[in-house]
Every structure is written in C-alpha cells, then in structure tokens.
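No value in this document is a laboratory result; all are computed from the given coordinates. This is a predicted model, so every value here is computed, not measured. Neighbour counts run over all protein chains shown; Cβ positions are idealised from the backbone, glycine included.
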Amino acid sequence: MSTDNLNESEAFYTFLGQRLEMGSCDQSPEELLHSWRTMSEHGQAVRAIQECIPDMEAGHGIPLKQAAAEIRSELGFGDSE
C-alpha cells in the first residue's frame, strides 16, 4: 500500500471517529465517503490558495485578467472582451 493511500485511509478513519464522537453518524457509508471527499478536496483547495498568498503579496504572479486571457488563448477561445 502506498504512503498516500495509507495517509488517506488514516484521514478517513479520523473523520469517521469525529463523526461518531459528535453523534452525527446517521449517513450511509457512501454518504459518509462523499462528505469526507468533499471536505478533503475543499481543504486542499483552501491550503493551496493560502500557500500562494505570500507570493502574491510579494508581487509574484500575474493579474487575474491576464491569466484568464492566457488560459482562453491556450484553449483556443476568443477574447471575451
């Protein structure tokens, strides 16, 4: 088993334990897995954004308008303005 799978399993186990402690385990196993995945993906996105903030504040990166224009160009879409 890879380390990523082990970490993911441990994280899900912790999530289930927290749900049981709170007494809010009235979901099916499938619903619990969906809830955990949603929370996990959200948390990863928030952490990724938080990690970028110091770079942005230091003047690194490009303005959103420019980034959007580059993405549209890469995907072959015309200018939206």
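Couple of notes before you dig in:
- The calculated FRET efficiency for residue 8 paired with residue 53, based on their beta-carbon distance and R0 = 30 Å, is about 0.70.
- The chain, helix-only ellipticity at 222 nm - DSSP H runs n ≥ 4, -39,500 (n - 2.57), divided by all residues, nearest 500: -26000 deg cm²/dmol
- Dipole size of the chain about its Cα centre, with +1 on Lys/Arg Cβ and -1 on Asp/Glu Cβ: approximately 80 debye, rounded to the nearest 20.
- Restricting the stretch 9-72 to GluC sites (Glu not before Pro) in coil, as DSSP defines it, with at most 10 other Cβ within 10 Å: none
- Table column - 3J(HN,Hα) (Hz), the stretch 34-47, Karplus curve with 6.51, -1.76, 1.60, x for Gly and Pro: 5, 4, 5, 4, 4, 5, 5, 5, 5, x, 5, 5, 4, 4
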